[in-house]
Amino acid sequence: MPRYALLEHTGAPDDPSSCHYDLLLEDGEHCRTWRLSQIPIAGGGEQEAVPLAPHRLVWLEPRSAAVSGNRGWARGIAHGDYAGAWPAAADGPVALELLNGPLQGRLRLANGSCRLEASPTPTGNGP
């Protein structure tokens, strides 16, 4: 099952706020990555999502380390798995289900924005 990670990235020279979050989604031999200003919260609002260059798979593992090229420090704060298919177009809208870990719900990335929607609660009729 493909994995996701959310990294807290501090000290990046191109980040005026000095702290942002990198959302990584495993895609083959690398991770598709977006810069977020806040931790996504299920049922929370939409926020800007800036596409970044692909990241290495090693960042999917819980770790804390200096970022190469003297670009600050990254610390993994959320890890889990996801389900769903990537869109046919590289820049098409993404809709994936984050299944476990601290972030859970329907992740939507489109037109430079990110939203984590709460997953519907199953309604069973009981025995």
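Here residue 46 and residue 83 are evaluated by their C-beta separation; at R0 = 30 Å the FRET efficiency comes out at 0.85. Of the accessible area of the stretch 56-107, with the probe set at 1.4 angstrom, what percent is carbon plus sulfur? Roughly 53 percent, rounded to a whole number. Each Cα pair under 8 Å and six or more residues apart adds its sequence gap; the mean of these over the residue count of the chain is a relative contact order of 25 percent. For the stretch 1-48, averaging the sequence separation of C-alpha pairs within contact (under 8 Å, six or more residues apart) and dividing by the residue count gives a relative contact order of 29 percent.
Computed over all pairs of different Cα atoms, the Kirkwood value for the hydrodynamic radius of the chain is 15.1 Å. Converting phi to 3J(HN,Hα) with the Karplus coefficients 6.51, -1.76 and 1.60 and the offset θ = phi - 60°, the stretch 101-110 yields x, x, 9, 9, x, 8, 8, 10, 10, 7 Hz in sequence order, with x at every glycine or proline.
With all protein chains kept in place, the per residue accessible area of the chain amounts to 57 square angstrom at a probe of 1.4 angstrom.
Placing unit charges on the Cβ atoms only, positive for Lys and Arg and negative for Asp and Glu, gives the chain a dipole magnitude near 140 debye about its Cα centre. Across the stretch 54-71, computed HN-Hα scalar couplings (Karplus, 6.51 cos²θ - 1.76 cosθ + 1.60, θ = phi - 60°) run x, 9, 6, 4, 4, 6, 6, 7, x, 6, 9, 7, 5, 8, 4, x, 6, 10 Hz from first to last residue, x flagging Gly and Pro.
What's the Cα-based Rg to Rh of the stretch 1-65, Rh via Kirkwood? When Rh is taken as the Kirkwood radius, the ratio is 0.96. Here the label points at residue 100 and residue 117, each 7 Å from Cα along the C-beta direction, are separated by 2.5 nm in the simple model.
Starting with the highest mean, order 102-114, 53-65 by the number of other Cβ atoms within 10 Å, averaged over the residues of each peptide.
So the peptides 102-114, 53-65, ranked by packing, come out 102-114, 53-65.
The values are calculated or read from the model by the stated rules, or taken from the named source; none is laboratory data. Given the structure is predicted, the values throughout are model-derived calculations rather than measurements. Note that each Cβ is placed from the backbone with ideal geometry, even for glycine, and that neighbours are counted across all protein chains shown. Keep in mind that these areas ignore ligands, DNA and RNA; they rest on the heavy atoms of the full protein, side chains included. Shrake-Rupley method; radii C 1.70, N 1.55, O 1.52, S 1.80 Å.
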